[in-house]
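So the structure is just underneath, and the comments pick up after that.
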Amino acid sequence: MEMAARLLRIKAQMLLPRRLGDDEWEDPRSELVRRLLEYQQIRELVGWLQDAAARRAERFGRGYEPPAPELPPAPLAIDLNDLLAAAERVIALIPEPMLHRVVPRPLDVEGATARIHGLLAEREEFGWYEAIGPQAGVVEVLSTFIALLELAKRGTVKLSQPEPFAPMVIRRESTSSSEPPEPPRQAA
Amino acid sequence: MNQPRPLSPLSPRARLLEAALFAAARPLTLEELATLDGEAGEAGTQAALDELRAAWSGADHGVELVELAGGWQFLTRAEYAEPLERAQFALRPRRLSPAAMETLAIIAYRQPVGRIEVDEIRGVDSGAVIDKLLERGLIEVVTRGEGLGRPLLYGTTPQFLEILGLADLGDLPRLDELAVALRPPAPAQEPE
């Protein structure tokens, strides 16, 4: 990259016009030639140093500690069973993906609404536990809750909570009747 | 059996030096040898050393007394390298890589020299090579440069002279003796 930039610069300098007899001008190629010669000189010195080192290496001093030989890696000595066992160990390390089964559970909001209407017809006020009924599952609880919110939106019931985390109290709205499906008509 | 040629007996001082040089596993300098005999002084030690060199100079022995890295050391003669190595009594040290030699050559001739200059001449990054040469004790930090960040400047060590079998840096070829002689900052026309 640097060399490419340098060559480009030299090319540009050569293309630029210059005045005749300009002593300041120096051939930009001379710098490159100097560098190449310098490197060639170093290469020649390397040859000389290598010869000197080789000559010196043939003469041993006392207490010469030979460097520890570098052992090649031992050849693999395994059979097919070892290979399969190794593969099994690797496979065993792969974590089992966590799968969740998603079951569609239809919420019975209409049924819950009907049940609440039944309760409202009997009483003016009742509690959350009565609304969901005995032995309520997740589906019943959710259905009832959504039905209650819907009814409260329509103004059929009024939801209140005496204190935080206390069970809800469901109260019939005074304006509403026991026939909630047509509240807009009544309001009109 | 041939009767060996009788050698002229060495002086006691030369024998003392011979014992020291035999025992040492590294080159011993004249100053170090002079400490063996307090009365000898440098001149006396030099005379004893000359006597010893004369005694070991011929091809009569398997070892020779070699001037190395500013000192003297007994080394086996080159012609015995093969049998000694075959018998695994000694092994030739591993050769330095061309990159390491290149870096060493630049540092030897330009010392004290910084990494940037080495990189510039070689045209590649020399950091790793310099670290390896430092680790092997062939170069050392001699001073810091004046420039930005006061860069570390490197020079060669006696160990460098030792692995090349040189007495001192003056044994290196002079640059104008090389085939490619640089005459900076001459325009350098002939690339030969």
Members of region B:55-98 found to be at positive phi and touching a residue at least 60 places away in the same chain (Cβ under 8 Å), listed by number: B:69, B:70
Pairs where the first residue, in region A:153-167, is without any contact (Cβ under 8 Å) to a residue 40 or more places away in the chain and the second is surrounded by 11 or more Cβ atoms within 10 Å (Cβ to Cβ) and among the β-branched types (Val, Ile, Thr), C-beta under 8 Å, 6+ apart: A:158/A:170; A:159/A:169; A:159/A:170; A:160/A:169; A:161/A:169; A:162/A:169
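For every residue, the table says whether it meets (1) under 20 Å from residue A:50 (Cβ atoms); (2) of a type in the set (Lys, Arg).
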{"residue": "B:86", "(1), (2)": "no, yes"}
{"residue": "B:89", "(1), (2)": "no, no"}
{"residue": "B:94", "(1), (2)": "yes, yes"}
{"residue": "B:99", "(1), (2)": "yes, no"}
{"residue": "B:118", "(1), (2)": "yes, no"}
{"residue": "B:131", "(1), (2)": "no, no"}
{"residue": "B:144", "(1), (2)": "no, yes"}
{"residue": "B:150", "(1), (2)": "no, yes"}
{"residue": "B:178", "(1), (2)": "yes, no"}
The one condition in (1) within 11 Å of another protein chain (Cβ to nearest Cβ); (2) at pLDDT 85 or above that residue B:169 fails to fulfil: (1)
Count - residues of region A:110-137 that are at pLDDT below 85 and of a type in the set (A, V, I, L, M, F, W, C): 3
Check on residue B:129, within 30 Å of residue B:75 (Cα to Cα) and in a helix (DSSP H, G or I): yes
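Does residue B:183 satisfy the condition of being over 17 Å from residue A:55 (Cβ atoms), touching a strand residue (DSSP E or B) at 6+ places or on another chain (Cβ under 8 Å), modelled with pLDDT under 90 and assigned to a loop (DSSP other than H, G, I, E, B)?
For residue B:183, the condition - over 17 Å from residue A:55 (Cβ atoms), touching a strand residue (DSSP E or B) at 6+ places or on another chain (Cβ under 8 Å), modelled with pLDDT under 90 and assigned to a loop (DSSP other than H, G, I, E, B) - is not met.
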Among the candidates A:14, A:3, residue that is modelled with pLDDT under 80 and either over 29 Å from residue B:175 (Cβ atoms) or assigned to a loop (DSSP other than H, G, I, E, B) (or both): A:14
Spans of helices (runs of 4 or more DSSP H) in region B:1-117 with at least 1 residues more than 14 Å from chain A (Cβ to nearest Cβ), touching a strand residue (DSSP E or B) at 6+ places or on another chain (Cβ under 9 Å) and of a type in the set (Asp, Glu): B:30-34
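Are any of the residues in region A:38-61 farther than 30 Å from residue B:163 by Cβ and either at pLDDT 85 or above or not acidic (Asp, Glu) (or both)?
First pass over region A:38-61, keeping only residues farther than 30 Å from residue B:163 by Cβ: none.
No, the conditions are met nowhere in region A:38-61.
The values are calculated or read from the model by the stated rules, or taken from the named source; none is laboratory data. Keep in mind it's a predicted model, so treat the numbers as computed, not measured. Cβ: placed from backbone, ideal geometry, glycine included. Neighbour counts: every protein chain shown.
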